[in-house]
1. Looking at the structure I just gave you, is ASN166 outside any helix (DSSP H, G or I), out of contact with any strand residue (DSSP E or B) (no Cβ under 6 Å at 6 or more places or on another chain) and modelled with pLDDT under 90?
2. I want to confirm something. Restricting to the stretch 77-101 and keeping residues that are touching a helix residue (DSSP H, G or I) at 6+ places or on another chain (Cβ under 9 Å) and surrounded by fewer than 13 Cβ atoms within 10 Å (Cβ to Cβ), which single residue is nearest to ALA56 (Cα to Cα)?
3. Just checking, how many residues over the stretch 57-75 are in a helix (DSSP H, G or I) and exposed (fewer than 11 other Cβ atoms within 10 Å of the Cβ)?
4. Within the stretch 87-104, how many residues turn out to be hydrophobic (A, V, I, L, M, F, W, C) and part of a loop (DSSP other than H, G, I, E, B)?
5. Mind listing whichever residues of the stretch 51-91 are in contact with a Pro (Cβ under 7 Å, 6 or more places away or on another chain) and hydroxyl-bearing (Ser, Thr, Tyr)?
6. Could you grab the pairs with beta carbons closer than 9 Å, sequence gap of 6+ or different chains, first residue in the stretch 60-72 and basic (Lys, Arg), second one outside any loop (DSSP other than H, G, I, E, B)?
7. Yes or no: ALA23 at pLDDT below 95, in contact with a Gly (Cβ under 8 Å, 6 or more places away or on another chain) and not acidic (Asp, Glu)?
8. Do you know which of the residues in the stretch 105-126 that are over 25 Å from the mean Cα position of the chain (by Cα) and not in a helix (DSSP H, G or I) is modelled with the lowest pLDDT?
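The values are calculated or read from the model by the stated rules, or taken from the named source; none is laboratory data. These numbers were taken from a predicted model, which means no experiment stands behind them. Every residue, glycine as well, gets a Cβ built from its backbone with ideal geometry; the counts of neighbours run over all protein chains shown.
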Amino acid sequence: MKTTYLIAGILAVGLGAGVTSVAVAKQGGHERPSFEMLDANKDGKLTQVEMDAHKAQEFAKADTNGDGKLSSEEMLARAAAQQGARMGKRVARMMERVDTDNDGMLSAAELEAMPRGKGTFNRMDADKDGTITAEEFAAHKPGRGMRDGKHRGSGERSGHKWQNNNKPVTE
């Protein structure tokens, strides 16, 4: 039973995102297919048929053996491909920002010049004395989207309240 929910969840995330080559748009931190990609007949309107056709197309891409079912191996391969594409984009953006001599490679000096590492040091140095004690080091909770130990944009600490269905409570 749990496997069914796991597979359904992975399928919903992986195929629902519909990440394909270049025609994706950023929306709320998630990539999704562009309107133009989904509008198969190019009439400027999306129908449920067009949406269903796109989902079927994404399913077929993931169903590499063509048996009409997705195995865990097929879903993992699809997820790895999507992750690889996202990482490729991140690396390309980093190269644009950090490769100051435009040689297509990052030197230790270019990486050292990145403000990110200094920001981490400054966040860890709670008393701002220019050193990090063992206590400050232990108190630092590294993580994606972290600022001063608080995740940006979610949870009670940010002022947002959430229902059990992961939708914000509107007051």
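1. Values: outside any helix (DSSP H, G or I): yes; out of contact with any strand residue (DSSP E or B) (no Cβ under 6 Å at 6 or more places or on another chain): yes; modelled with pLDDT under 90: yes.
In short, yes.
2. Residue satisfying both the conditions and the ranking: THR100.
3. To start, the set of residues in the stretch 57-75 that are in a helix (DSSP H, G or I) comprises 57-62, 72-75.
So of that shortlist, the ones also exposed (fewer than 11 other Cβ atoms within 10 Å of the Cβ) come out as 73.
Final tally of qualifying residues: 1.
4. Taking the stretch 87-104 first, the residues hydrophobic (A, V, I, L, M, F, W, C) are 87, 91-92, 94-95, 98.
Applying the additional criterion that residues be part of a loop (DSSP other than H, G, I, E, B) yields none.
Of the residues in the stretch 87-104, 0 are hydrophobic (A, V, I, L, M, F, W, C) and part of a loop (DSSP other than H, G, I, E, B).
5. Step one: of the stretch 51-91, the residues in contact with a Pro (Cβ under 7 Å, 6 or more places away or on another chain) are 54.
The answer is none; no residue qualifies.
6. Listed by first residue and then by second, the contacts come to LYS61/LEU15; LYS61/ARG78.
7. On the way: at pLDDT below 95: yes; in contact with a Gly (Cβ under 8 Å, 6 or more places away or on another chain): no; not acidic (Asp, Glu): yes.
So ALA23 does not fit the description; no.
8. Checking each candidate, the answer is ALA113.
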